[in-house]
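Novice: Take this structure, written in structure tokens, and hold onto it; I'll ask about it next.
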Amino acid sequence: MTEKIQTLIAGQWRDASGPEYSTEYPADGSTVARLHAATADDVNEAVQAAEVARHQPAWANLKRHERAGILHRIASGIRARGEELAQLQRLDNGKPINETRALVASAAGTFQFFAAACETWEDALTPARGDYMTMSVHEPLGVVGAITPWNSPIASEAQKLAPALAAGCAVVFKPAEITPRMAIELAKIAQQAGVPDGIVSVLPGKGSVVGDALVKHPLIKRIAFTGGTTVGMGIQRLAVEKLMPTSLELGGKSPTIVCADADLDHAVAGVLYGIFSSSGESCIAGSRAFVHASVYDEFKRRLLAGVKNLRVGDPASETTQMGPLVNMSHRASVERYVQLGIDEGGQVLFGGQRPQGAMYDQGSYYMPTVIEGLPNQARMCQEEIFGPVLALLPWSDEADLIAQCNDNVYGLASGIWTRDYKTAWRIGQALQTGTVWINTYKLFSVSTPFGGVKLSGTGREKGRLGILEYTSQKSFYWGLNEHPMPWATA
């Protein structure tokens, strides 16, 4: 039976004010949940309540170790409901269950990390340059907006909520319209952990309605956004009018480089994981594989052997490696890109179609796809597909390789496979990306800042200093002079 769910708005669990809609399970198209979309009026109510709540003693007067205690309880609450949350996220976006379990564990770890960062965060006593003492302190920005994507909801939401709460802010969430469940469940856990009413609200619905109202609201002091580049650029334009800070984690077309001396077993496994895990629905997916000409044929042989063994199927199965794409519309977009690649002269080495069999008929499944024969300038090699499609490109000259890797509007991540640390360092320094993986791929640590360059975004999430993104800095001068200022007494 389809579940009817409510959301948390201004401290109250209720239906949002907009029309009712439903979410679907990508594996079979069945309806998972029914809920109401939020409106601009809901946004205003949530933001106004958050502005009041953040000034109340129950939140404003908490010591940092007390806020840290709340974050620790949120982490414990996530872990206590770990399997339930993993299953709910599986139903939300069709990710394989082992992947959603890892995302839930990551979210709990994020709250634990920022709890520790909050409790040990120090302001600075800056060096004196006269008869005075100077201090630099950080204060919460106020009410912030968090807009999150459908591909990894709970992890992305934790990366925004944890540092914002650690800083003392209030947060109004706008989750992706088709995957609202994780933000709603996270709000329940936060409330149970002791976050006061009004400090966290969740507003599901359309970005053009909820997102725009949130970004434009005069009381919103920061926007943290993960999603598409076009939407992110629109947010940035609106933010400029308010001189409002943002962090924007946007699209990617990440290159992975296989050098002549690479361990091919490791490189093949890493390239497969980098593009086909999450069904390629990842901003950091390694969608362009540049392979040295001397090992290209052998790498291709091993890669195709590996891709043929990938298990595409039911996200509920423990053995599934690739589930369905998020919905039929997105699958159609991926199919159009593959056809574009063929039209541009590419040769499909594997995939390029929907899997065959009755179990796949009702879901939005697509086969892992490998294409070669395209130049780096081809649209399929330049534009983000956000699906399980890999372009193979040979290289022989390092300078030309680096030029091709950087010849893209995106700059989120990259990977290098080589046994030589000097080569890895030299190429890694030359790549215009926010993250460089060497002899590994798609690993994350909450202690290490993450973000992109160029049209992959601005700002950084994670890292100990991630809290400071949600603060404003204030300087104090303490006069220590024994006599009045000479100018005033001259």
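The values are calculated or read from the model by the stated rules, or taken from the named source; none is laboratory data. This structure is a prediction, so every number in the text was calculated from the model and none was measured. Methodologically, a virtual Cβ is constructed for each residue, glycine included, from the backbone with ideal geometry; neighbour enumeration extends over all protein chains shown. These area figures cover heavy atoms from the full protein model, side chains too; ligands, DNA and RNA do not enter into them. Shrake-Rupley method; radii C 1.70, N 1.55, O 1.52, S 1.80 Å.
Novice: Which distance in Å, rounded to a whole number, links the C-alpha centroids of region 232-258 and region 7-62?
Specialist: Each part reduced to its Cα centre gives a spacing of 25 Å.
Novice: Whole Å is fine, so just give me how far the alpha carbon centre of region 364-385 lies from that of region 91-164.
Specialist: 34
Novice: Let me ask something else. Given DSSP loops and a limit of at most 12 other Cβ atoms within 10 Å, what is the longest stretch of the chain that contains no such trypsin sites (Lys or Arg not before Pro)?
Specialist: Numbers: sites that count: 63, 129, 311.
Counting only loop sites that pass the neighbour cut-off, the longest clear stretch is 130-310.
Novice: I'd like the GluC sites (Glu not before Pro) in region 232-290 restricted to DSSP loop residues with at most 16 other Cβ atoms within 10 Å, sorted by number. Please report the intermediate quantities before stating the final value.
Specialist: Working: sites: 241, 249, 281; in loops: 281.
Qualifying residues, ordered by number: none.
Novice: Give me the percent of Cα-Cα pairs in region 1-141 that sit more than 24 Å apart, rounded to a whole number.
Specialist: Here the long-distance tail beyond 24 Å is 56 percent of all Cα pairs in region 1-141.
Novice: May I ask for the angle, rounded to the nearest 10°, between helix 97-120 and the longest principal axis of the chain, with both axes built from Cα atoms and the value confined to 0 to 90°?
Specialist: 30
Novice: Starting from the Cα of residue 422, draw a straight line to each of the lysines and keep only those under 27 Å, dropping any in the same chain fewer than 8 residues away.
Specialist: 253, 300, 442, 454
Novice: Here is a follow-up. From the C-alpha gyration tensor of region 199-276, pull out the three semi-axes of the equivalent ellipsoid (sqrt of 5λ each), sorted largest to smallest, in whole Å.
Specialist: Values: eigenvalues 297, 39, 22 Å².
Value: 39, 14, 11 Å, ordered largest first.
Novice: For region 142-238, build the convex hull from the C-alpha positions and give me its volume per residue in Å³. Before the final figure, lay out each step's value.
Specialist: Numbers: hull volume 8.5 nm³, N = 97.
Here the figure is 87 Å³ per residue.
Novice: Let me ask something additional. Loop only per DSSP, at most 14 neighbouring Cβ atoms within 10 Å: give me the GluC sites (Glu not before Pro) in region 58-128, ordered by residue number.
Specialist: 122
Novice: Any idea what the alpha-carbon Rg over 2.2 N^0.38 Å comes to for region 318-407? All intermediate terms of the calculation are to be shown ahead of the outcome.
Specialist: Details: Rg = 14.8 Å, N = 90, 2.2 N^0.38 = 12.2 Å.
Compared with the compact-globule rule of thumb, region 318-407 sits at 1.21.
Novice: For Kirkwood radius over Cα pairs in Å, the listed values are (1) 22.2; (2) 25.4; (3) 23.8; which was obtained by calculation from the structure presented?
Specialist: (3)
Novice: Now for a separate question. I'd like the per residue volume of the convex hull spanned by the Cα atoms of region 339-490, given in cubic angstrom.
Specialist: Values: hull volume 38.4 nm³, N = 152.
For region 339-490, the hull spanned by Cα atoms encloses 253 Å³ per residue.
Novice: Next question. Which value at 222 nm does the chain reach when only helices count, each DSSP H run of 4 or more adding -39,500 (n - 2.57), with the total divided by all residues and rounded to the nearest 500 deg cm²/dmol? Intermediate results must be reported in sequence, preceding the final value.
Specialist: Details: 16 runs with 188 residues, N = 490.
Computed mean residue ellipticity for the chain: -12000 deg cm²/dmol.
Novice: Taking a quarter of the surface of the convex hull around the Cα atoms of region 164-213, what do you get in nm²? Kindly include the intermediate steps, with their values, before the conclusion.
Specialist: On the way: hull surface 14.4 nm².
It is 3.6 nm².
Novice: Could you work out how far helix 153-167 tilts from the main Cα principal axis of the chain, as a 0 to 90 degree angle to the nearest 10?
Specialist: Tilt relative to the chain: about 20 degrees.
Novice: How big is D for region 22-63, in µm² s⁻¹ as a whole number, if Stokes-Einstein is applied with the Kirkwood radius of its Cα pairs at 37 °C and 0.692 mPa s?
Specialist: Once the numbers are plugged in, D ends up at 246 µm²/s.
Novice: Give me the accessible area per residue for the chain, probe 1.4 Å, as a whole number in Å². Please list the in-between numbers first.
Specialist: Numbers: 20510 Å² over 490 residues.
That works out to 42 Å² for each residue.
Novice: Could you work out the Kirkwood radius for region 216-333, taking every pair of different alpha carbons, averaging 1/r and inverting it, reported in Å?
Specialist: Details: mean 1/r = 0.0583 Å⁻¹.
Radius from the Kirkwood sum: 17.2 Å.
Novice: Report the semi-axes of the equivalent ellipsoid for region 188-239 in whole Å, largest first, where each axis is √(5λ) for an eigenvalue λ of the Cα gyration tensor.
Specialist: Working: eigenvalues 121, 30, 21 Å².
Over the Cα atoms of region 188-239, the semi-axes work out to 25, 12, 10 Å.
Novice: What three numbers, in Å, describe the spread of the alpha carbons of region 62-141 along their principal axes, ordered from the longest?
Specialist: Dimensions of region 62-141 along the principal axes of its Cα atoms: 63, 21, 19 Å.
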